1. What pairs can you find where one residue is in the range A:445-458 and more than 12 Å from A:LEU480 (Cα to Cα), the other is modelled with pLDDT of 85 or more, and their Cβ atoms are less than 7 Å apart, with a gap of 6+ or different chains?
2. Among (1) without any contact (Cβ under 8 Å) to a residue 24 or more places away in the chain; (2) facing chain B (nearest Cβ under 10 Å), which single condition is A:ALA51 missing?
3. Quick check on this structure: which one of B:THR349, B:THR386 is hydroxyl-bearing (Ser, Thr, Tyr), under 25 Å from the mean Cα position of the chain (by Cα) and over 19 Å from B:SER182 (Cβ atoms)?
4. Hey, among A:ILE430, A:ILE356, which residue is on the phi < 0 side of the Ramachandran plot, in contact (Cβ under 8 Å) with a residue 40 or more places away in the chain and β-branched (Val, Ile, Thr)?
5. Go through A:GLY383, A:GLY420 for me and flag whichever is within 30 Å of A:PHE361 (Cβ to Cβ), out of contact with any Leu (no Cβ under 9 Å at 6 or more places or on another chain) and modelled with pLDDT of 85 or more.
6. Does the range A:151-173 hold any residues that are in contact with a strand residue (DSSP E or B) (Cβ under 6 Å, 6 or more places away or on another chain) and within 14 Å of chain B (Cβ to nearest Cβ), and which are they?
7. I need every pair where a residue in the range B:91-106 that is over 21 Å from B:GLU357 (Cα atoms) and within 11 Å of chain A (Cβ to nearest Cβ) has its Cβ under 6 Å from the Cβ of a residue that is crowded, with 23+ Cβ neighbours inside 10 Å and charged (D, E, K, R), sequence separation at least 6 or different chains.
8. So A:LEU371 passes all but one of these: (1) modelled with pLDDT under 90; (2) in contact with a helix residue (DSSP H, G or I) (Cβ under 7 Å, 6 or more places away or on another chain). Which condition number does it fail?
Amino acid sequence: MSMIQGKTGEWEVVIGLEVHAQVIAESKLFSGAATAFGAEPNTQVSLVDAAMPGMLPVLNEKSIEQAVKTGLGLNAKINLTSVFERKNYFYPDLPQGYQISQYLEPIVGEGALTLDLPGGESKDVGIERLHLEQDAGKSLHDQHPSQTYIDLNRSGVTLMEIVSKPDMRSAGEVGAYLEKLRSILRYLGTCTGNMEEGSMRCDVNVSVRRPGEDLGIRTETKNVNSIRFAKLAVEYEAKRQIAQIEDGGAVVQETRLFDPDKGATRAMRGKEDAHDYRYFPDPDLLPVVLDVDWVAELKRGLPELPDAKKARFMAGFDLSAYDAGVLVAERETAAYFEAVVEGGQGRDAKQAANWITGALFAALNRAGVELDAAPLDADKLGGLLDLIRDGTISGRTAKDVFDAMWESGKDAGTIVEEKGLKQISDTGAIEAIVDKVIADNPGQAEQFKSGNEKVLGWLVGQIMKASQGKANPGMVNQLLRKKLV
Amino acid sequence: MTRLNELSLAAARDGLAKGDFSAKDLTQASIAAMEAARPLNAFITETPERALDMAQASDARRAKGESGALEGIPLAIKDLFCTQGVLTTAGSHILDGFIPPYESAVTANLWRAGAVMLGKTNMDEFAMGSANTTSYYGNVENPWRGRGDNRPLVPGGSSGGSAAAVAARVVPGATGTDTGGSIRQPASFTGLVGLKPTYGRCSRWGIVAFASSLDQAGPLTRTVRDSAIMLGAMAGYDPKDSTSVDTPVPDYEAALTGGVRGLKIGIPKEYRMDGMAEEIESLWREGIAWLEAAGATTVDISLPHTKYALPAYYIVAPAEASSNLARYDGVRYGLRVPGATLEEMYEATRGDGFGAEVKRRVMIGTYVLSAGYYDAYYNKARQVRTLILRDFTQAFEKVDAILTPTAPSAAFAIGERMDDPIAMYLNDIFTVPANLSGLPGISVPAALSGEGLPLGLQVIGRAFDEETMLRVAGVLEDAAGFDAEPAFVAGR
């Protein structure tokens, strides 16, 4: 357990998260309007989203399916009856004057999520609930000196609010939680998890206490939109609260905002300004009643999730927890890895993992593209590994071939052919080069003969250079020793 | 010959079918009647040009042999129904200039059946009222007058403009909405048939919401047959309203041929209130006698939670209204009164835009939903609602329909009861239980009071059994032989 050292002793920080995840669906929670990111303002707004008089919400079944799948992916209890309620408050980007949300009876109850921590350790964090709700629109305060503009494109978009139990104890665990949750949502195809587009945001609840004591007063930092900011918010809040208490003050229960420029949180509103939301069941909607067989069918249709895949990679491919964890973090990476390993005879899983997490990830990073846009598909990388394995090219050449493949999109065999990179394994050909290098460097040859082992490497280098890197290094070594003895 | 605007809906339909007159003739008569009836202030918006266009289109359809159930019939539409391209106000200042780009599901059904829109009728603001005295567009006058008393009377509410227009023979039928009695009580006050269907029978899509779990659209007509015809055209499942029920719409007019022989009619003892006017009580007894004479059996039943219905209603309806009316904030449509800050704009807009009764109910609703009071008020009211429905469910195991008075009094003078909201709310005492339980109810004009004003009897039916309810209403109508006419008939 990680503790924070204050002036007066150790403190434990207690964190719970409320994550708002935008559901992947063609249309909004209660209207047929589209949900694409980045559309022109107010172009994805139906009469319902604009709360025109007499308009009524009609539940989008896809949203229900996505919430249930997510609940199943979090090993959570699925509530066969759930109720939409109205959360009443005034704001210009909330056209109805209320948000339709779930309150007393959410669609998903308690579940759990396993964090992958450094060193291959893991820890379970409880899920309190998951409920569905409408997103609000967006207020644009910077378009006019005295007026606010409203964009209702997001108004009514489906959000899942996923509430954790206060089970996290460090910023690192918060990061691991968000990464794991995002990974699961992406595997399930229920949320893109793109925090920069706002499709995943979180409210961070932080309190501190002396080890063993009851929970302290918590603050809630709203609308944090990256994993890094969430970690920074936790660290800042923990330090601020500890300092507050140690200086003789007390933590005030309040809502705070995270300022990314300062890396700090600041008070937004206190408990006394808290809204009375006057929740009550939305009379325009019937309770959501799920068929138990339908839920079972969804469960059968769930993809293999990261935890199960990681265990299978470790057991089946003899990978380390770390390597397996890296490969399964994204569903696409795991699929790519499996396609490489299983795409040809006798391919080495460990070698495949190394190429993917090494050269491939580096190239993706450099190019700033996602795996699905890589010019090198699993077949092509597998082809490269095959050429290494059968001795056609050396490991050193392979790196160059990889780069050429990335540039041209051609397969490994073609590049090796075109560039004449095929490894020379013909004894006669290598012998000729060896003889020439020895003849050109009599001094070094003598040094080796008189016992200087180090010089061998230099001579091998000269031979490789003379062969343009194509000579089989094993054979070069062997022949050189034979000639110099 | 009777003037065209005075024909019943069924007679107008038959005359059109026979070619005695055209839809244009009929509509022109209604337009003239609408103009003559302006002193009643029954309409907020008159749409004579649209009406003539629709009538001509109707005549053209008929010429091609394409006739709907309401082909060529002029109707007045309560201004709570959104009508595409036509100002829709809900009787409120806050919807100033609001012209919907869409048509409510119910009115769309009516136009599909061939009906012609004459105009939008006045109403209590956001349907909150029982006397049509809360409209931003002024009071509506009841076409009836008391014997030897020339004071203008209220038409009832909230569908007061619709009731006045039909009673004054401007149109044979009008739409209303009924949240706590807003169709049946004005029907009783103006000598009309007013029908509130089962909750879920008519789509609420495009009707400005008052209390979502109670609101239901229905017809105001002069005869039970007209009510049946018009309901058939209004009703139907609508996937755009999640509370609409997917059950076929029967031929309600055909249901009127059955009579009531062998039916059991429940007489709930709890509707016999202390201090109830003797003439209401005796009318009720008369109704019982009429049904018995027609071969029905009357059965004394108990609906023990009736006394909690009105208080529960005045919690549930304002609670839902307080939330439904939050969208009128000056941001997107209707009235905006500027302010220096957002909060000032909200306050100025809603302060100016809503009348006193709406403000009262928004405040009551906000209060009963607020933290610390929710369980004592809103939740308790919901529980009461469940008990009231159970009372009815148990009663309907023994009876086929229930007979009660519609309202505790006849129409009263404009200005009376204005200073006492509770006295005003008591108008709804016999009508709210059907809203709270979702059951259909109909008011049939049965007699004149001692002052010469119409009084109605109410029949409450089983859920989605409007047919039996209409049969009982038809028998009452025949037995009552109500043929009195109001002091004001348009064009006479």
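1. A:GLN447/A:VAL455
2. Of everything listed in (1) without any contact (Cβ under 8 Å) to a residue 24 or more places away in the chain; (2) facing chain B (nearest Cβ under 10 Å), A:ALA51 misses just condition (1).
3. B:THR386
4. Details: A:ILE356 fails: in contact (Cβ under 8 Å) with a residue 40 or more places away in the chain.
Only one candidate qualifies: A:ILE430.
5. A:GLY383
6. The answer is A:ASP151, A:GLY156.
7. Between residues of the range B:91-106 that are over 21 Å from B:GLU357 (Cα atoms) and within 11 Å of chain A (Cβ to nearest Cβ) and residues that are crowded, with 23+ Cβ neighbours inside 10 Å and charged (D, E, K, R), the close pairs are B:ALA105/B:ASP238.
8. Among (1) modelled with pLDDT under 90; (2) in contact with a helix residue (DSSP H, G or I) (Cβ under 7 Å, 6 or more places away or on another chain), the lone unmet condition for A:LEU371 is (1).
The values are calculated or read from the model by the stated rules, or taken from the named source; none is laboratory data. A quick note: this is a predicted structure, and the numbers were derived from the prediction, not measured. All Cβ positions, glycine included, derive from the backbone under ideal geometry; neighbour counts span all protein chains shown.
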